[in-house]
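As structure tokens, the structure follows; a few thoughts come after it.
The values are calculated or read from the model by the stated rules, or taken from the named source; none is laboratory data. Just so you know, these numbers come straight off a predicted model, no measurement behind them. For neighbour counting, all protein chains shown are included, and Cβ atoms are generated from backbone atoms with ideal geometry for every residue, glycine included.
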Amino acid sequence: MTSRANSEKYRRIADSGAKEDGKYATWWRRRYVTWLPGPDHWNVAIGRFGGIMTIDKSLEQGMALLGVGRLGDAIPFLLRAAVLSPSAADAWQALGTTAHQQDKVDFAVACLTRAVLLDDRQPAALVNLGIALKKAGHLDGAIAMARQALRLDAGLAEAHSNLANALKERARFALAGDHGQRAVVLRPDFANAYNNLGNLRLAEGQLAGACSLCWQALRISPSHAEAANNLGLSLQEKGQTEQASAVFHRSLCLQPAACSALNNLGFAGIALGTVNAAMACFQRALACHPDFFAAALNRSLASVYREDLDSASLTRLQQDCGAILAKGVNPVAPARPRTETDNRLRIGYVSADLRQHPVGESMLEVFRQHDRRQFRIHVYAQNFRPDKITADCKIAVDGWTDINGLSDLEAAELMGQDGSDILVFLASRFDGNRPRIAAWHPAPVQISLHDVASSGMAAIDYIIADRWLIPGHGREYFSERRLRLPHFYLSPWPETLPDIAVTTGSESMVFGCFNNPTKISDGLLAIWGQILTAVPDSRLVLKYFNRYENMAVRRRIEAGLVRAGASARQLDFAGGGESRTALFSRCNQIDLALDTWPFSGSTTTFQALCMGLPVVTWPWDRMVSRWTAAMLVRVGLSELIARSPHDYLSTALAVAEDRAGWRQRRPLIRQQARQAFTDARTWTHHLERLYRTVAAKHGLGRQ
């Protein structure tokens, strides 16, 4: 029979069956997600439904509905077939596979587990169970099922591909690559295998290979939504964010309710500076999957860039994020008892940024200065691409655990067993950090450090800042109790700094901003436009890695400035990568750095001050906007801290009027910056004082 004839047959059977059994289908559809019949229920179920439809007819009806793509309608019939014949492995397998396609993961695992228990000699059932186990987060089970399938059939491409996918999650890249390559050799037309191998190459940072493999998957199967999603991720990692956004849209056309693609499209929107649209994507993802914590975390991240959200709105978003991260979580088992031979206070740091990154560079200095007589330092690192900073951090601490490949629960259980007194989560809302680990409360005290707003999580007990970032009179919401250092910013002094130039070589005023362009809000563009209009022969130099090579980013910023009266000729977009020394040299070409709002600069402000470059800023009523202001106070440049948008404009114009005078002050500003931000010994001493205070309050460790 032709496929068209089959389709017509299935549609005819499905329609007749739905009419015959409509009143029962609704009941089963409501119940199947949470109820899997066990031995005690079978007789009751058979007695209630056995006279309505035989197992053969139920199974035929279910398969017919599957044949015409009506997965939700198929499940009640497949479930009835399984109940009527509890030892029929094929019925349980069909039910579990269908449930998995409907994203009913726990139910799918239960059904497929029963199918395998009834008949463990069917590789297809083992493969399907492995896929469901991986989606449910049970990686060891997924790996075991794939290996068992391969013992039965070593040439099964699906098992090789699924094994590669699970091993990738465990960060066992080399072995995963072997199995992934084997899968595409065995089945050159297997789109899933190319997609999974592409996803592996993406994790390894082999972006060209990842793109090529995902394209191959799409050539084989143009409707492969997951391959389109992974292609978008690969393009985004390459910096081709606009192209990535288009591919994510393609993925959503293929699968409109795909939470992962919605989340990734939103993250691309953050990179493009279209933050409102990004938040709409995260909202859609959460509407499809209310427990999708990655979307909740990204929505919270996006919110700190928005200038149109008031304090109440930000508070609600942070609280919602904290609630989603904590949903369904219970504290892990208690830690092992402390040994009598080592009664030091045990501090654990959790981070994905211990590499060439501002957090990694700062914390390396802290690790080196910690008093090992009183503190035992252990790091839990999530870092796929270690570098020299990573290696130096490992040397500087007492213990190091790589949590790559561990689920959040597995990582939390490990931390609980290690018995840290205090766990410190670094910059949790950014990069690949994993604040949800804190929800299991693996340590008696948990602290947020290097974040820019509240986590909204009840499990995070404290947040560390200083009195400028979180003023005592401030009304910003924090779920955490606040701890304050004398000053917050810390960084090693750059090894190679160019000499400070007395002049720019330009007769006209040159403004600059080297901040992330996502931080450049519409309200800020309006003020910048007025500044450029007031100084018509001035220029504005914009640089942030290779972000300005993206034409969508350029168009957004240029349009905002032109609307405010500036000329497009006044803009100088600098693209491409360059060394840190070259970036410092650029500061010599700038007369005044323009800070961003509501998300201010931090590392970029430090870099400017290292070159003696003045920075004008306007701090708002929230921590995320106050980093530059806190640093300017520290170096004695409070005159550059504005009190309003108009004051920001006036301050910038005043610096433009006195270009030569500010040039003469540059060597002094550099000297003050070095004194203010590089004393790691004193900074760490103050941090340890906070740790001891908290430990004493909670009765922990050595006091």
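List the pairs whose first member sits in the range 674-685 and is of a type in the set (Gly, Ala, Ser), whose second member is part of a helix (DSSP H, G or I), and whose Cβ atoms are under 6 Å apart, counting only residues at least 6 apart or on separate chains? These pairs meet every condition: 676/634; 680/365; 680/369. Considering the range 512-620, the qualifying helices (runs of 4 or more DSSP H), each wholly inside and each with 1 or more residues that are within 32 Å of the chain's Cα centre (by Cα) and over 26 Å from residue 490 (Cβ atoms), run over 522-534, 551-563. Looking across 254, 297, one residue alone is touching a Ser or Thr at 6+ places or on another chain (Cβ under 9 Å), aliphatic (A, V, I, L, M), surrounded by fewer than 21 Cβ atoms within 10 Å (Cβ to Cβ) and outside the structural domain of residue 557 (by TED's automatic domain parsing). It is 254. All conditions but one from (1) crowded, with 18+ Cβ neighbours inside 10 Å; (2) under 21 Å from residue 168 (Cα atoms) apply to residue 409; the one that does not is (1). Checked against (1) at pLDDT below 95; (2) farther than 19 Å from residue 409 by Cα, residue 307 passes all but condition (1). Of all residues in the range 468-482, one or more are among the aliphatic types (A, V, I, L, M) and under 24 Å from residue 304 (Cα atoms).
Of all residues in the range 161-187, those that are within 22 Å of residue 382 (Cβ to Cβ) and either touching a strand residue (DSSP E or B) at 6+ places or on another chain (Cβ under 7 Å) or polar (S, T, N, Q) (or both) total 1.
Residue 523 meets each of the listed conditions (1) small (Gly, Ala, Ser); (2) under 29 Å from residue 311 (Cβ atoms); (3) not assigned by TED's automatic domain parsing to the domain that holds residue 669 apart from (3). Total residues in the range 257-271 satisfying the condition of being buried (at least 24 other Cβ atoms within 10 Å of the Cβ) and among the β-branched types (Val, Ile, Thr): the figure is 0. Considering the range 532-579, the residues that are closer than 20 Å to residue 605 by Cα and among the hydrophobic types (A, V, I, L, M, F, W, C) include one that is surrounded by the fewest Cβ atoms within 10 Å (Cβ to Cβ), namely 545.
With respect to (1) in contact with a helix residue (DSSP H, G or I) (Cβ under 8 Å, 6 or more places away or on another chain); (2) surrounded by 15 or more Cβ atoms within 10 Å (Cβ to Cβ), the lone exception for residue 588 is condition (1).
Tell me, please, whether a residue that is under 25 Å from residue 549 (Cβ atoms) and either touching a residue at least 60 places away in the same chain (Cβ under 8 Å) or surrounded by fewer than 24 Cβ atoms within 10 Å (Cβ to Cβ) (or both) can be found in the range 222-231. Among the residues of the range 222-231, not one is under 25 Å from residue 549 (Cβ atoms) and either touching a residue at least 60 places away in the same chain (Cβ under 8 Å) or surrounded by fewer than 24 Cβ atoms within 10 Å (Cβ to Cβ) (or both), which makes the answer no. Does the range 508-522 contain any residue that is touching a residue at least 12 places away in the same chain (Cβ under 8 Å), closer than 19 Å to residue 382 by Cβ, of a type in the set (Val, Ile, Thr) and buried (at least 24 other Cβ atoms within 10 Å of the Cβ)? No. For the range 325-357, filtered to residues that are surrounded by fewer than 23 Cβ atoms within 10 Å (Cβ to Cβ) and farther than 28 Å from residue 688 by Cβ, the residue that is modelled with the lowest pLDDT is 333. Checked against the criterion of being in contact with a helix residue (DSSP H, G or I) (Cβ under 7 Å, 6 or more places away or on another chain), in a strand (DSSP E or B), touching a residue at least 40 places away in the same chain (Cβ under 8 Å) and surrounded by 16 or more Cβ atoms within 10 Å (Cβ to Cβ), the candidates 459, 453, 465 yield just one match: 465. Being touching a helix residue (DSSP H, G or I) at 6+ places or on another chain (Cβ under 8 Å) and farther than 22 Å from residue 331 by Cα: is that true of residue 361 here? Against the criterion (touching a helix residue (DSSP H, G or I) at 6+ places or on another chain (Cβ under 8 Å) and farther than 22 Å from residue 331 by Cα), residue 361 qualifies. So in the range 354-378, with the set limited to residues that are more than 20 Å from the chain's Cα centre (by Cα) and aliphatic (A, V, I, L, M), which one is nearest to residue 451 (Cα to Cα)? If we take residues in the range 354-378 being more than 20 Å from the chain's Cα centre (by Cα) and aliphatic (A, V, I, L, M), then 363 is nearest to residue 451 (Cα to Cα).
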